[in-house]
Structure formats: structure tokens, C-alpha cells
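J.: Below is a structure I'd like to ask you about.
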Amino acid sequence: MKRLKSKWRIAPLVAMMTLLLSGCGSPQLSALMPRGSVASEQLFLIKLSIGIMGLVIVVVAALYFIAIIRFRKRKGQTGYPKQVEGSHKLEIIWTVIPILLLLILAVPTVYYTFLHSTDLRKDPDALQVKVTAHQYWWEFEYTDLGINTAQDLVIPQGKKIALELESADVTHSFWVPSLGGKLDANRGQVTTYYLETDEVDTFLGKCTELCGASHSLMDFKVISKSTADFDAWVEGKKKPVAVAAEAEKGKLLFDSNCLSCHAVEVDKGSFGPNLNNFANRVEIAGVLEHTDENLKEWIKDPTTLKMGNKMPAFKDALQDDEINEIVKYLNSLNNFK
Ligand code: CUA
């Protein structure tokens, strides 16, 4: 019985470790598996600081055990042991060593911190992207290309992406664990940062500053493409879409109900996410699988699916068949695959 009890005692520990370690696995979402230069340099800093701290723990623990074993009370010993007061040699050693360790830690940390916040906004070789954080979505504006998009940051591989961050409301924080971060997006204050990757993949990004009820749902994606595919994406994005006959009714309903908040033209910013090329979005609002059913549910009552978001519910304002028409229209916004 006793043995069983002691076994159960380690259960919370195992549960905690499982929870902790389960977050370390995905190569699309792990600071421990860097996929770009910024993330690699940040991992180097993590390893350096853990290494130094580990060394300090080992040395201090060793000295502690040496002291309690060597200077323990022996058999027959009475009274106080010899009292030692003041040792210049020891004092110098335990002052100089921490200073050296802090210098080893501080120099690369300060160097990379300044390097990573390099302002590349004037660099002609970098791709310029203005990031605006909203409750609870991300707006990406390619200032040189005239493209405005939401939730998916599409980038070319091997190129520095110059990010200019700002917030439209409260403070958010931009983090793509596999590529680098984090950096706060504040209202009325611009912060700069850059990212780059040589790989072609989809990386997951997170808001990492508590910003309201749906903070945990404020996800986005960084999709890196080969240069040719990226150029094709830019071309496709700008291609005008002719409204299909079966989507015309939906377009009228969309224009009168949704257009005051959402833009569909590629170069326009809007109060809500730009819905250009919506048919090819992987997810709805960054949280729901892209199916007609989910889109209908979203339009009907978006606040139950993403609490506190600013889109009003249309379940009373629109009939079911009207919502169906809008869904048809949105899924016809298909510039390219
Ligand atoms: Cu935005 Cu948390």
C-alpha cells in the first residue's frame, strides 16, 4: 500500500513533464529547432546561458558537498571549530569569476539583440512588410508590392524580411518560434525586426502577449516559398477576379453587409481582415478548418468561436439562404492556387 502511494506521488511530476515536453516536438513551432538565422542565433544564446548556469550549479554544489563532508563534526570533537574571517584571495576569486561569466553572457546577448532589431526599412534587398496586430488577427502589408493580406505571411526563401510592427489597439507580441522573435507590437510606436529562412515550409506564429479573451487564438502562419513561387504568388494575388454568375447574389449581399469592414481588393487595408483570394485560405479566422459549414457558423456567430472579436453576429440580421449566398461568393474569390 505504501509503495503504491509513493508511486502515485510521482504522477503529477510525470504529467507535468509530459505537458512540458509535448510542446517541444513540432519543427514548425519550436524555438529549439531553429529554421532560420535569427532563431539559430537565439538558440545559441539559450544554450550559452543554460551552459553557464549549469556550470555554476555544478561548481557550487560540488563545493557545498566538499564543505559539509570535509568539515563535518568528527567523533570526540567538542567546542567550535577554528573560525576563519576574511580571505582576500577567496573574495577576489568569487568576485572576478561572476564578472567574467556575466561578460561572456552579456557580450553576445547585447550583440544579437541589436543585430536582430536592425532597421532594414531602407534596405533595397529586403522585402518590406508592415505588420499590424489587431484583436485578434494579423494584417500584413507588403508596402513595395501593393499587397495587403491577413493571417498568412507569405515570404520568399533566402531573403531578409524587414518587419515594421505596430498595433491597432492593445499591445500584442509577434512570435514565430522556428524563425525568431518575440517582438511587441504597440499602438502608436513602431518596432522593427527581421526574419529569414532558407527553407520552404509553413511555420506557425503566435501572439505572445496577453491581449484579451481570444489571445490564445491569435495565430498566424509564415509560408515560405521558392523565389519563383513567391513571384507567382504576387502575380496571382494581383490578378483581378471576375465574379461568377452564381456568386453575383452573394456579392451584392457581401457588399451591403460586410464591405464596411472587409476589403477584397488586394491593395486595400480594412478594419477587419482583407479577404482577397479567400477561397485558398487554409483556415477561417486562423482557427477553423475551411469548410462551408464552418464559414456559415462563423458568419452567424463569430464571438462564440473567437471570444471578444469585433465582428458582429449575423444570425439575426441575415437569413440562412442569404448567408449561403455570401459563403458561395467568398469561396469564389479564387485568384490562384
Ligand atoms: Cu494578441 Cu495576444
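The values are calculated or read from the model by the stated rules, or taken from the named source; none is laboratory data. Nothing here was measured: the structure is a model prediction, and the numbers come from that model. Note that we place each Cβ from the backbone using ideal geometry, even for glycine, and neighbour counts take in every protein chain shown. Each accessible area value is taken on the protein alone, full model and side chains, heavy atoms only, with ligands, DNA and RNA left out. Shrake-Rupley method; radii C 1.70, N 1.55, O 1.52, S 1.80 Å.
J.: Among Ala228, Thr197, Val107, whose Cα lies farthest out toward the positive end of the dipole of the chain, if unit charges sit on the beta carbon of Lys, Arg (+1) and Asp, Glu (-1)?
T.: Val107
J.: If you average 1/r across every pair of different Cα atoms in the chain and take the reciprocal, what Kirkwood value do you get, in Å?
T.: It is 24.0 Å.
J.: Report the accessible area of Met53, computed with a 1.4 Å probe over the heavy atoms of all protein chains in place, in Å² rounded to the nearest 10.
T.: So the heavy atoms of Met53 present about 110 Å² to solvent.
J.: Report the extension gain between Leu32 and Thr291 in nm, rounded to one decimal, defined as 0.36 nm multiplied by the number of residues separating them, less their alpha carbon distance.
T.: 89.9 nm
J.: Same structure again: Please work out whether region 245-291 counts as rounded, prolate or oblate from its C-alpha gyration tensor, where a ≥ b ≥ c are the square roots of the eigenvalues and a/c under 1.5 means rounded, while otherwise a/b larger than b/c means prolate and anything else oblate?
T.: Since a/c reaches 1.5 but b/c is at least a/b, the shape of region 245-291 is classed as oblate.
J.: Averaged per residue, what accessible surface does region 245-330 expose to a 1.4 Å probe, in Å²?
T.: 51 Å²
J.: Which angle between 0 and 90 degrees, to the nearest 10, do you get for helix 320-330 versus the longest principal axis of the chain when only C-alpha atoms count?
T.: Roughly 80 degrees, rounded to the nearest 10.
J.: By per-residue mean of other Cβ atoms within 10 Å, what is the highest-first order of 317-327, 270-280, 117-127?
T.: So the order, starting with the most tightly packed, is 270-280, 317-327, 117-127.
J.: Using only Cα atoms, tell me the angle between helix 88-116 and the longest principal axis of the chain; keep it within 0 to 90° and round to the nearest 10.
T.: With both axes taken from Cα atoms, the answer is about 10 degrees.
J.: Show me 168-175, 54-61 ranked by packing, highest mean number of other Cβ atoms within 10 Å first.
T.: So the peptides 168-175, 54-61, ranked by packing, come out 168-175, 54-61.
J.: Comparing Asp152, Asp267, Asp144, which has the greatest mean-square fluctuation in the GNM of the chain with Cα pairs linked when under 10 Å apart?
T.: Most flexible of the set in this elastic network: Asp144.
J.: Counting helices only, and only those DSSP H runs with n ≥ 4, report the 222 nm mean residue ellipticity of the chain as the sum of -39,500 (n - 2.57) divided by its residues, in deg cm²/dmol to the nearest 500.
T.: Using -39500 (n - 2.57) per qualifying helix, the result is -12500 deg cm²/dmol.
J.: Treating only the Cβ atoms of Lys and Arg (+1) and Asp and Glu (-1) as charged, compute the dipole magnitude of region 245-330 about its Cα centre; round to the nearest 20 debye.
T.: 320 debye
J.: What's the extension gain from Ser49 to Leu210 if we count 0.36 nm per residue and subtract their Cα-Cα distance?
T.: 55.3 nm
J.: Want the number for Glu85 to Thr18: 0.36 nm per residue separation, take away the alpha-carbon distance, what's left?
T.: Full extension from Glu85 to Thr18 adds 19.3 nm.
J.: So, in nm, how far is label Thr303 from label Ala106 when the simple model puts each one 7 Å beyond its Cα toward the Cβ?
T.: 5.1 nm
J.: Between Asp231 and Ile10, what FRET efficiency follows from the Cβ-Cβ distance if R0 is 41 Å, with the result rounded to 0.05?
T.: 0.15
J.: Run the dipole for the chain about the Cα centre, Lys and Arg Cβ at +1, Asp and Glu Cβ at -1, nothing else charged, and hand back the magnitude in debye, nearest 20.
T.: 3120 debye
J.: Considering only DSSP beta bridges whose two residues both sit in the chain, what percent are antiparallel, to the nearest 5?
T.: So the antiparallel bridges amount to about 70 percent of the total.
J.: If you don't mind, there's one more thing I want to ask. For the chain, with a Gaussian network of springs between Cα atoms less than 10 Å apart, report the residue from Ile69, Ile299, Ile155 with the top mean-square fluctuation.
T.: Comparing Ile69, Ile299, Ile155 in a Gaussian network model of the chain, the most mobile one is Ile69.
J.: What percentage of the solvent-accessible surface of the chain, computed with a 1.4 Å probe over protein heavy atoms, is contributed by carbon and sulfur atoms?
T.: 62 percent
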